[in-house]
Every structure is written in C-alpha cells, then in structure tokens.
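Student: Here it is: the structure, laid out below.
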Amino acid sequence: MKKYQAVGIGNAVVDVISQAGDHFLTQMGIDKGVMQLVEQERGEFLFDQMQDRTQMPGGSVANTIAGLGAMGLKTGFIGRVHDDELGHYYANAMTDEGIDFVNPPVPNGELPTSRCMIFVSPDGERSMNTYLGISSELGTDDVNDDVAGAAELLFLEGYLFDKSKGKDAFQAAARACRAGGGKAGISLSDPFCVDRHRGDFRKLLGELDFVLGNEHEWKSLFETDDLGAALEQAASESGLIVCTRSGHDVVITEGDDSISIPVSPIAPLDTTGAGDQFAAGFLFGMASGAPLAVSGRMGCIAAGEVITHYGARPQADVKALFSAEGLI
C-alpha cells in the first residue's frame, strides 16, 4: 500500500481573483484568456489595481491535488514557498485541506512567495498574470525520493519547465515514482509554455506514462494545425494521451485505441481551474482503476462543477456527482 495515492509537483501560488471588464484589460495591457508571466514590479502594480480581491491557495497542479484530496484520496504536494506571510498562508491552507505539504517555508534571502493575479471577465474567461517568485526556484533538493517513490500517481506541472532546475526535479521525481511502481505524468499547462520548451517536452514524453493537454497545447507541441496528426504522433511517443477541447468532446488515445468523451454544455461563470479539475477527475478514475471512458467522464464532471462558481477548486461534493451518474 503506497503512502500517497497522488502526489503533485508544481508552482505553489497564491491566487488573487477579481472581476474585470474587457476595457479594463485593454487599459492595463492584459492579454485576455491567457497566462502571462510578470516581474515583481508589474505583479505588485496589477495587485494594487484589483477590486474586491479574493485570496486562495492556487497553482495548476496544486489545484488538481486539492481536487483529488476533496474526493478522498491520500495526497501530497511538493512546492516551494518563502518564509513570509503569503508562504505560511499557503502552507497552512494546503494542510487544512488535508494535503501533505511536504516542504516547509524557506527562510532567509529567497524570493517572495509566488502569486497570480486572475482577472475574470463577464464571459467567464480568466486572464492570469503570474509572478513566479520562489516557486521558479524549485529543484532536485526539494524532491524527496521517499515522497515521489511512495506515490501511485505523480503529476507534474509544465509551467515549471521555465528553468533547468525544474526540469531536473521533474526527471528525478518521475524516475523515483516509476522505480517504486507508480505512474508519472504531466500537464502541458499552456501553449506558450510548450512553445518555449518544445524540445524538452518532446523528450520527456518518452519517460512518462500519461500526458494531459488541451488542443492548442498539443498542436503547439507538434507544430501543426492538424489535431489528429498531433495526437497520433504523441501516442507513438508516450503512453496515455488526453486532449481537452474547451467544451467539445475530450479525446483519449492510448496506443492504437482512441475514444471520445462527450461534454455537456455549461454556461461558465468562471473558467479558472477547469483544466485543473478535469485532471483531478480523470486521475481519480485512474487511481480507482476505472476504464478510460469512465475516467474521462469523471474529468468532465469535475471541470463542469468548477466553472459554475468563482475559484479553481471544487465547492460541491464531486464524488456525489460521480455517484449520481452511476460512475462509482
């Protein structure tokens, strides 16, 4: 019996959310619907412009791990926060959610704890401006092999590929997990992230058991507008391939087999965390030994729940939603 059913490695980011119209986004020079990395000065400026801010622990894979914990799995998270107010807030908030926050806040002259300013438009689109801070310094010293090796599932965050030490940490953790009999996978995270690190992502595919991404990320990875060709190539280089398509059928490919999972249309209030919670539902299915079609449906249900309210983590009992559809 493994100590953890799922462990994530990713940016430990405090999410700060507020509503903003398109005019405000244009005025502030914010690109709508994408994630932008910002420097500390820009981050502090945008923070000051936010109205009626809501604060919560975030980070893409951390959101997924929180979703899995809410579904009752034993979870851990490997991330890096500073020994400052936001860092202690983050660590305590994750612990309060029942997640083993593995690494204590780092003292002394390190960068501040990471934060993401999320502006939600009336149509539900979220525009993220992320100051990575200390999260971007995560490296192999932060990865305890006894944690990664004790995970049934290890989930990695593509955003951490922006520095070589993050890539090294991923490879070390994935090898420890697989050596211990677990399965390791990654979220491609963002098409701009894929653009910056295409070669490294392609290399990593062969070392992983599953990869999750949306259609834009898969097309970017293989530099093609033909999604089918991109997924076929991905399947030949890796194990299990999952592609979400923003309200359209989800495509799951493993070897020569491919299935489509229908998505029920839902008018979003806030799309923040939709991909993160799809991953939570899908990985819950994997951890439970469910067929891929069932795992995919679980992912769609979890994503559908999170877009009905503000914030990137579930508010409803998602397992009860699974039960209502006869999935568990």
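Student: Which far-off residues, 5 or more places away or on another chain, put their amide H under 5 Å from the one on residue 240, with H placed in the peptide plane?
Tutor: Here the answer is 210, 211, since their amide H atoms fall under 5 Å of that of residue 240.
Student: Sum up the charges of everything whose Cβ sits under 9 Å from the Cβ of residue 227, counting Lys and Arg as +1 and Asp and Glu as -1, but leave residue 227 out.
Tutor: -1
Student: Per the 1.4 Å probe, what fraction of the accessible area of the range 1-43, in percent, lies on carbon and sulfur atoms?
Tutor: For the range 1-43, the apolar C and S fraction of the accessible surface comes to 48 percent.
Student: Give the lysines whose C-alpha is closer than 18 Å to that of residue 2, dropping any in the same chain fewer than 8 places away, or say none.
Tutor: Filter leaves 74, 183.
Student: Moving on. Please identify the DSSP H helices in the chain that span no less than 18 Å along the helix axis (Cα) and have a mean Kyte-Doolittle hydropathy of 0.5 or more.
Tutor: 274-288, 292-306
Student: Near the amide H of residue 10, under 5 Å away, which other amide H atoms are found, from residues 5 or more places off or on another chain, if H is placed in the peptide plane?
Tutor: Excluding prolines and chain starts, which carry no amide H, the hits are 78.
Student: In Å, the Kirkwood hydrodynamic radius of the range 220-328 over pairs of distinct alpha carbons? Could you put the intermediate results ahead of the total?
Tutor: Numbers: mean 1/r = 0.0695 Å⁻¹.
This gives a value of 14.4 Å.
Student: Still on this structure: Find the accessible area per residue for the chain; the probe is 1.4 Å, ligands and nucleic acids are left out, and the unit is Å².
Tutor: 41
Student: Could you pull out every residue, at least 5 positions away or on a different chain, whose amide H is within less than 5 Å of the one on residue 15? Hs are placed 1.01 Å off N in the peptide plane, and Pro or chain starts have none.
Tutor: Those qualifying (amide H under 5 Å, at least 5 residues apart or on another chain) are 56, 58, 116.
Student: Leaving out ligands, DNA and RNA, what percent of the accessible area of the range 62-147 is carbon and sulfur, probe 1.4 Å?
Tutor: Whole-percent figure for carbon plus sulfur exposure: 45.
Student: Specify which labelled value, from (1) 6, 28, 38, 23, 4, 0; (2) 5, 17, 21, 21, 14, 7, 4, 2, 2, 3, 2, 1, 0, 0; (3) 5, 22, 27, 22, 16, 6, 0, agrees with P(r) over Cα pairs in 10 Å bins from 0, in percent derived from the coordinates of the model shown.
Tutor: (1)
Student: In addition: Among residues other than residue 60 whose Cβ falls under 10 Å from its Cβ, what is the net charge (Lys/Arg +1, Asp/Glu -1)?
Tutor: Within the 10 Å Cβ shell, the charges total -3.
Student: Separate question: When Rg is the radius of gyration of the Cα atoms in the range 129-248 and Rh is its Kirkwood radius, what does Rg/Rh come to?
Tutor: Values: Rg = 14.2 Å, Rh = 14.6 Å.
Rg divided by Rh gives 0.97.
Student: Over all distinct Cα pairs, what is the inverse of the mean 1/r for the range 268-328, reported as the Kirkwood hydrodynamic radius in Å?
Tutor: With all distinct Cα pairs of the range 268-328 included, I get 11.1 Å.
Student: I would also like to ask the following. Across the range 118-125, in residue order, what do the Karplus-derived ³J(HN,Hα) couplings come to in whole Hz, using 6.51 cos²θ - 1.76 cosθ + 1.60 with θ = phi - 60° and x for Gly and Pro?
Tutor: These are the phi-based 3J(HN,Hα) values: 10, 9, 9, 7, x, 8, x, 5 Hz.
Student: Just to check I understand the Karplus step: with θ = phi - 60° and J = 6.51 cos²θ - 1.76 cosθ + 1.60, what whole-Hz values come out for the range 14-30, glycine and proline as x?
Tutor: Those phi angles translate into 7, 7, 10, 10, 8, 8, 7, x, 4, 4, 4, 4, 5, 4, 8, x, 9 Hz.
Student: When a/c is below 1.5 the answer is rounded, else prolate if a/b is larger than b/c, else oblate, so apply that to the range 1-114 with a ≥ b ≥ c taken from the square roots of the Cα gyration tensor eigenvalues.
Tutor: prolate
Student: Here's something else I'd like to know. Sorting check: for 16-29, 307-320, which peptide has the highest mean count of neighbouring beta carbons within 10 Å, and how do the rest follow?
Tutor: With the highest mean Cβ count within 10 Å placed first, the list reads 307-320, 16-29.
Student: Continuing with this model, one more query. Counting only protein heavy atoms and using a 1.4 Å probe, what share of the accessible area of the range 211-289 belongs to carbon plus sulfur, as a whole percent?
Tutor: 47
The values are calculated or read from the model by the stated rules, or taken from the named source; none is laboratory data. The structure displayed is predicted, hence computed values, not measured ones. In this analysis, Cβ positions are derived from the backbone assuming ideal geometry, glycine residues included, and neighbour counts consider all displayed protein chains. SASA here: full protein model, heavy atoms, side chains in, ligands and nucleic acids out. Shrake-Rupley method; radii C 1.70, N 1.55, O 1.52, S 1.80 Å.
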